[in-house]
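Written below as structure tokens is the structure these notes are about.
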Amino acid sequence: MRRQATVLSIIALFVIPATAQAARSAGAPGNDNRATATQVELPASVSGTTVGATDDPNDPPSVCGRAHDTVWYRISGAPAGRVVVRIGAFGNLDAIVAVYRAVRSRLVPAGCTVTDENGRGALSFTSQGGDYLIMVGRERTSDDGRFKLTAFRQEPSSKAPGRALPHGGVGSWVEPITDFDDAWSLKMKAGVEYRVNLSPARGRCISLALFAPGTRSFSGAAAIRLLPCGGYVTYTPGFGGSGRYSLLVTASDPRPGRQRYHLQAAAAGPDDAAPGLPLADRQARRGTLSGTRIDVVDLYRFRVAERSDVTLTLAAPSSMRLVLLSESGRRVSSSEGPGPLTVSLGQGTYYVAVRADSGGHGRYRLSLLERGLTTTSVLANGSRSATVSPGASVSIEVAVDFSSSGPVRLELDRFDPLTGWHFYRLYRLRLGSNGHTGIAWRPPAIGHWRARASFGGTRTESPSDGGTARIAVSG
């Protein structure tokens, strides 16, 4: 009898939880998993609950925390643009809401939020069109409960054309849910190039859109220029394009809180656009830039008469860099920050822009140095290969074309058949007026030797490496 009671107790340990789980699953909401997500269309307002919902180990992660007892909603064919999702939680439910873009079998996080002490939460995200999934769940220590979920397309709240932008720019803020855009306006004349710079607070993403004169509403209007995360842009109105243009600043970063920015616009000056300021060989120019204001870029031009090694040296804060362009606008080279930028350039006109990154500012010094190309060669007894007897002297001659002065390094190496080439001796020489120099050298042992030369360059002539002359001492 005791044994039978024990067996029944063991069976109960498995049967009772399974029965409870089955009961729980039987009472689960219909949108308990992604496959059965409730279909909604914007604008949407639905009531839901996490009571009876289950945990799914395949639920995607959320930067707002792990959600438990999750339920799902689907927006199919969401329109492109900004979408706001709000939640109001009832009772003791502390909820987590996360939005994901559905790309085939993958879910790409688009934003998330948690409810506050009043049970409210909100988030906004930029829809790229397509399908989106909304996950609602409770925090780990929270009770399950009911909630109300709303989702709607966020239309611009500012009115066109916007307030006149002050000459010195404006510093303000936007917030992604309740005050998400600001509209400013600027008069532009046809044929005049203008500069516009939107500098968001560090680590934030704020968009800038430029709209043509006559725009009555930003909703559905096509922007002339769009900078998703702010920055610097130029624009020249075409024929008949004079008028008041609108600048719409929008909070693109879904994180809550005020997002500060500085917006400024002005007509381009001589150092802002082509043809730029002239920069001569061995000349230095000085200037000041600010990535947070309107002076973001200074442009210079220089002329190369014949193929040369050109060195542009920028002495500036680490937030500034160089961009080298051809006359056709092709990017030739660029630097990651201050310092020298050396490029071999053919004959022609070139442009170099000094640019401040967002948030960077300070003074700079830009200098240009052009050096003619040179060619170095080395010969042993007048040939690239010479064979001599033990104890014989070898005449080693170095020639540098297109130069009549400067330092030369002559290196002699010996060859070991077992371990390869090894350094033997270095001679430091100076070119004569005819562009030649050399030594008379007696190999100390039989075997194979080589001579290698390099020209160190001068203020006006570039460095160059020579070939190799081989010397065989036969015994």
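The values are calculated or read from the model by the stated rules, or taken from the named source; none is laboratory data. This is a predicted model, so every value here is computed, not measured. So basically every Cβ, Gly included, is an ideal-geometry build from the backbone, and we count neighbours across all protein chains shown. Remember, those area values only see protein heavy atoms, side chains included, never the ligands or the DNA or RNA. Shrake-Rupley method; radii C 1.70, N 1.55, O 1.52, S 1.80 Å.
For a modelled paramagnetic label at ALA305, 7 Å from Cα along Cα-to-Cβ, the residues of region 274-289 in reach, with backbone nitrogen under 20 Å, are 278-284.
Ranked by the mean number of other Cβ atoms within 10 Å of their residues, highest first, the peptides 432-438, 198-204 fall in the order 198-204, 432-438. Summing charges over neighbours of GLY435, with a neighbour being any other residue whose Cβ is under 14 Å away from its Cβ, gives -2 when K and R count +1 and D and E count -1. Using R0 = 41 Å, the C-beta based FRET efficiency linking ASN58 and GLU175 works out to 0.75. Remark: region 321-475 carries a charge dipole of roughly 240 debye about the Cα centre, counting +1 on each Lys and Arg Cβ and -1 on each Asp and Glu Cβ. Accessible surface for ILE446 stands near 110 Å², nearest 10, in the context of the full protein assembly shown (1.4 Å probe). Counting only Cβ charges, +1 for Lys and Arg and -1 for Asp and Glu, the dipole size of the chain around its Cα centre is about 560 debye. Which angle from 0 to 90°, rounded to the nearest 10, does the C-alpha axis of helix 2-26 make with the longest principal axis of the chain? Once rounded, the angle reads 80 degrees.
Using the Cα gyration tensor of the chain, with a ≥ b ≥ c the square roots of its eigenvalues, what is the shape: rounded (a/c below 1.5), prolate (a/b larger than b/c) or oblate (neither)?
Numbers: a/c = 4.41, a/b = 1.71, b/c = 2.58.
It is oblate, given that a/c is not under 1.5 and a/b is not larger than b/c.
Taken one residue at a time, the phi angles of region 104-113 give Karplus couplings (6.51, -1.76, 1.60, θ = phi - 60°) of 6, 8, 9, 10, 9, x, 10, x, 7, 7 Hz. Gly and Pro are set to x. All other residues whose Cβ lies under 9 angstrom from that of ARG34 are scored, Lys and Arg at +1 and Asp and Glu at -1, for a net of -1. Computed on the chain, with alpha-carbon pairs under 8 angstrom and 6+ residues apart, the relative contact order is 10 percent.
Once Lys and Arg get +1 and Asp and Glu get -1 on their Cβ, which of SER158, ALA451, GLY30 lies farthest toward the positive end of the dipole of the chain? Projecting each Cα onto the dipole axis, the largest value belongs to ALA451. Taking the 1.4 Å solvent-accessible surface of the chain as the whole, the part contributed by carbon and sulfur is 51%. Take the Cα of GLU193, step 7 Å toward its Cβ, do the same at ALA284, and the gap between the two points is 2.8 nm. Annotation: amide H of GLY169 within the under-5 Å range of ALA265, sequence separation 5 or more or interchain, hydrogens built in the peptide plane. In order along region 448-456, the Karplus-derived 3J(HN,Hα) couplings, from 6.51 cos²θ - 1.76 cosθ + 1.60 at θ = phi - 60°, round to 10, 10, 9, 10, 10, 10, 9, 9, x Hz, and Gly and Pro are given as x. Farthest toward the dipole's positive end in the chain, which of ALA190, SER389, ALA273, given Cβ charges of +1 (Lys, Arg) and -1 (Asp, Glu) about the Cα centre? In the chain, that residue is SER389. Calculated [222 nm] ellipticity per residue, helices only, for the chain: -2000 deg cm²/dmol; basis is -39500 (n - 2.57) per DSSP H run with n ≥ 4, divided by all residues, nearest 500. Farthest towards the positive end of the charge dipole of region 275-392, among the residues THR313, TYR300, THR349, is the Cα of TYR300, using unit charges on the Cβ of Lys, Arg, Asp and Glu.
Using the average count of surrounding beta-carbon atoms within 10 Å as a protection proxy, the listed peptides 238-245, 211-218, 323-330 rank, highest first, as 211-218, 238-245, 323-330. Rounded to the nearest Hz, the phi-derived 3J(HN,Hα) couplings of region 431-437 under the Karplus curve 6.51 cos²θ - 1.76 cosθ + 1.60 (θ = phi - 60°) are 5, x, 5, 8, x, 10, 7, where x marks glycine and proline. Once the Cβ-Cβ distance of VAL46 and ALA273 is raised to the sixth power relative to R0 = 60 Å, the FRET efficiency obtained is 0.65. Counting Lys and Arg as +1 and Asp and Glu as -1 over every other residue whose Cβ lies under 12 Å from the Cβ of GLY238, the net charge comes to 0. Accessible surface for the chain, divided over its residues, is 51 Å² per residue with a 1.4 Å probe.
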